[in-house]
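Structure, as structure tokens:
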Amino acid sequence: MSQTRSARVRSVAAPLALAVTVLCATAAAASTIVWGAGRELPAHAAHVLTVRDEGHLRFVRASGSQLLDEGRVSGSLPGWVKVSFVYNGEPTVSARFTISASGGSISARASGRLSSPVNPNPSFRGRMSVTGGTGRYAHIHGSGEMFGVFSRRSYGLTVQAFATLPY
């Protein structure tokens, strides 16, 4: 190879190597998602849990206006749920609950309004927000809707949750 041709190859190779290095670094930086507080997870590791669950819960005990109910839930996230349901005679109700499922648990809070406060079995509807998770759901977050019926006679709950939750 002539000296001139060799010099031309070297003059093209250096910028080409730099461009490839920059492209690789850019691709590596784009393959992560920042999840706040400096935590990074690979973009391909994200999962989405579509929740469509229903539970018929039984009354366990009460403390003032706070009722503790628990029972099995079935649907896309089957497991056991414990609910702390607050009803103080007002149309607004609130709840904190934890669903224990295979692989971990999910905790959330919800608030809503009773549709007919004087009905012996009033229904309610409201928003729920995930507050944390354990195991495979350690990074779960998001919100959804909560529906249910409260039995004033037995203090039992029938609940339905609908949400799409990334983790």
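Looking at Ser123, Ser129, Ser143, can you tell me which residue is in contact with a Ser or Thr (Cβ under 8 Å, 6 or more places away or on another chain) and within 17 Å of Glu90 (Cα to Cα)?
Ser123
List the residue pairs whose Cβ atoms are under 6 Å apart, where the first residue sits in the range 151-167 and is over 17 Å from Gly75 (Cα atoms), the second is of a type in the set (Phe, Trp, Tyr) and buried (at least 19 other Cβ atoms within 10 Å of the Cβ), and the two are 6 or more positions apart or on different chains.
Tyr167/Tyr137
If Gly126 satisfies all but one of (1) more than 18 Å from the chain's Cα centre (by Cα); (2) within 23 Å of Leu49 (Cα to Cα); (3) small (Gly, Ala, Ser), what's the number of the condition it fails?
Status for Gly126: all satisfied but (1).
Which of the following residues is under 20 Å from Val60 (Cα atoms) and hydrophobic (A, V, I, L, M, F, W, C): Phe150, Phe162?
So the residue among Phe150, Phe162 that is under 20 Å from Val60 (Cα atoms) and hydrophobic (A, V, I, L, M, F, W, C) is Phe150.
Every number here is computed from the coordinates shown, using simple stated rules; none is lab data. What you see is a predicted model, and the numbers here were worked out from it, not measured in a lab. Every residue, glycine among them, receives a Cβ derived from its backbone with ideal geometry; neighbour counts consider all protein chains shown.
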